[in-house]
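Everything below concerns the one structure shown next.
Each value in this text was obtained by applying a stated rule to the coordinates, not by laboratory testing. Note that the coordinates shown come from a computational prediction; the quantities given were computed from them, not determined experimentally. Here Cβ is always computed from backbone atoms with ideal geometry, including for glycine, and neighbour counts include all displayed protein chains.
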Amino acid sequence: MTTTSHQNKQGRRRAAAAAVLTAVLGAAAAPAALAAPAAAPAALAAPVPVPAARGVLISVTPVDTLDRAGVTAELGALGVDTAGVRYGVRAYRLTYATVDPKGRPTTATGLLVLPRGGPARPDLVSDTHGTVAHRDSAPSGGKGHNRLTPYLHASAGRAVAAPDYLGLGGGAGPHPYMDTRSAVTATVDMLKASRTAADRLGRPVTRDVYATGFSQGGQVAMAVGRELSGGRDGLRLRALAPMAGPYDLSGSEMPGITDGRVAPRTAVFYLAYFLTAQNRLHPLYKDTGEVFRAPYAGTVEGLFDGTHPEEEIVAALPATPGELLTPAWAENVRAPRGALRTALRANDGACDWKPDVPVRLYAGGADTDVPIANSRACAADLARHGVRAKVVDQGPDADHVTTALRSAPQVVRWFDALR
């Protein structure tokens, strides 16, 4: 292969990865094997009426099967290091009982991925995904990139529980974006349902949980770790390896939106999603016109109803926060006060606790979605509790996409080393 052809191939891989990993910047559909679920046989569990106890399994539906070569081909096409791929995978959509942000019974879905080989009783990885707005972009929906890391971890010999979160996949209601508390309950309940499903599928798992996640899911992973600390819920946390998470909304992410460290179009997407979702939980406004300029005030809430692809949402929003927000709310974002400050504080503090397991924080120096300052702030929070967490900086060229592509295989190898 000539140098030119090699560079062209690498460029195509990088472009493909960017297409599936940066939905907010106009992503295309994922490769077929990651995007198109297989024809599903009848569910393996009988329906359970809601309300049911948290974590009760309602149904199991097969969605995909790949052999080792298939996993290697799919991940390798995105430029992912596939040296750790040892097995094929089987993937299932789970429906299970959980609670909504107000504690009321509801249902949620998620993706359980089992290795086709490996230990008789594999350990369990909790893999929480990044920001998506379309229901089917969640792991069990199969549209987009959110099966990449579940397949990677399962192909290394661990079972993977990847929740869709509330309101995504086949879950009820709108997605409460960046509501840490409900993301944690949905994730822990997914872990419980996954253990039940694995038993029924003849592949029981251990109590050990390795927690990881990317972007929004990185922040969720840290908060899930706190929930699992001390062996609660019959699960035993073994390690934490979040990637590029917005752990520090008040001190890093929101200031990054106003000072330019977060790319303008990404900032617009995140702000529109966060403000409309949080308004349902911490009333921020009575009328959208208080927050959003015309013509966006009339359309912004409807864009995030779970039916619009991310690239469609981006196309319908302006290019900069200044074009999106009214002057009063541009100032409120710059210096949060009132209900906005309450909402931010309610979702901060994911790292403000003392893990008794190893922690590594993966980040990139060129990340303009979630600046690396978030990971450094998380490490500082942990240090105040006497925990030394290594920040694995993927380099000055590592944007959000590159951070994910480089970090995920490293997390797999680190989990291997901790066995």
(request) Check cross-link reach from LYS354 to the lysines: straight Cα distance under 16 Å, and skip same-chain residues fewer than eight apart. (result) LYS390
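In debye to the nearest 20, how big a dipole does the chain give about its Cα centre with +1 on each Lys and Arg Cβ and -1 on each Asp and Glu Cβ?
1260
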(request) Grab the Cα-Cα distance for SER250 and ALA339, subtract it from 0.36 nm times how many residues apart they are, and report the gain in nm with one decimal. (result) 30.7 nm
(request) Calculate the length of the line joining the C-alpha centroid of region 241-276 to that of region 307-364, in whole Å. (result) 4
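To one decimal place, what orientation-averaged projected area in nm² is obtained for the convex hull of the Cα set of region 227-318? Mind showing how you got there, number by number?
Working: hull surface 34.3 nm².
Averaging across all directions leaves 8.6 nm² for the Cα convex hull.
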(request) Report the calculated FRET efficiency for ALA316 and ALA73 (r = Cβ-Cβ distance, R0 = 30 Å), to the nearest 0.05. (result) 0.30
(request) Express the Stokes-Einstein translational diffusion coefficient of the chain in µm² s⁻¹, to the nearest whole number, given a Kirkwood radius over alpha-carbon pairs, 20 °C and a viscosity of 1.002 mPa s. (result) 101
(request) Counting only DSSP beta bridges with both residues in the chain, tell me the antiparallel percent, nearest 5. (result) 55
(request) Convert each backbone phi in region 246-257 into a coupling constant with the Karplus relation 6.51 cos²θ - 1.76 cosθ + 1.60 (shift: θ = phi - 60°), then list the ³J(HN,Hα) values in order as whole Hz, x for Gly and Pro. (result) x, 5, 10, 4, 6, x, 10, 5, 5, x, x, 5
(request) Under a 10 Å cutoff between Cα atoms, tell me which one of LEU281, LEU152, LEU57 has the largest fluctuation in the Gaussian network model of the chain. (result) LEU281
(request) Kindly provide the helix-only [θ] at 222 nm of the chain, computed as the sum of -39,500 (n - 2.57) over DSSP H runs of four or more divided by all residues, to the nearest 500 deg cm²/dmol? (result) -11500 deg cm²/dmol
(message) Quick check on the exposure proxy: order VAL291, VAL391 from fewest to most C-beta atoms within 10 angstrom.
(response) VAL391, VAL291
(request) Report the paramagnetic label zone for THR65: residues of region 191-234 whose backbone N is under 19 Å from a point 7 Å from Cα along the Cα-to-Cβ axis. (result) 197-204
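Return the equivalent ellipsoid semi-axes of region 270-419 as a descending list in whole Å, where each equals the square root of 5 times an eigenvalue of the C-alpha gyration tensor.
Numbers: eigenvalues 232, 77, 39 Å².
Ellipsoid semi-axes (Å, largest first): 34, 20, 14.
Remind me, relative contact order of the chain in percent, using alpha carbon pairs under 8 angstrom and six or more residues apart? It would help to have the intermediate numbers written out before the result.
Working: 948 pairs, mean separation 65.1, N = 419.
Computed value for the chain: 16 percent relative contact order.
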(request) May I ask which residue of THR307, LEU271, ALA328 lies farthest towards the positive end of the charge dipole of region 249-346, with charges of +1 (Lys, Arg) and -1 (Asp, Glu) on Cβ and the Cα centre as origin? (result) ALA328
(message) Using each residue's phi in region 354-360, evaluate 6.51 cos²θ - 1.76 cosθ + 1.60 at θ = phi - 60° and report the 3J(HN,Hα) Karplus result to the nearest Hz, with x for Gly and Pro.
(response) 10, x, 10, 10, x, 10, 10
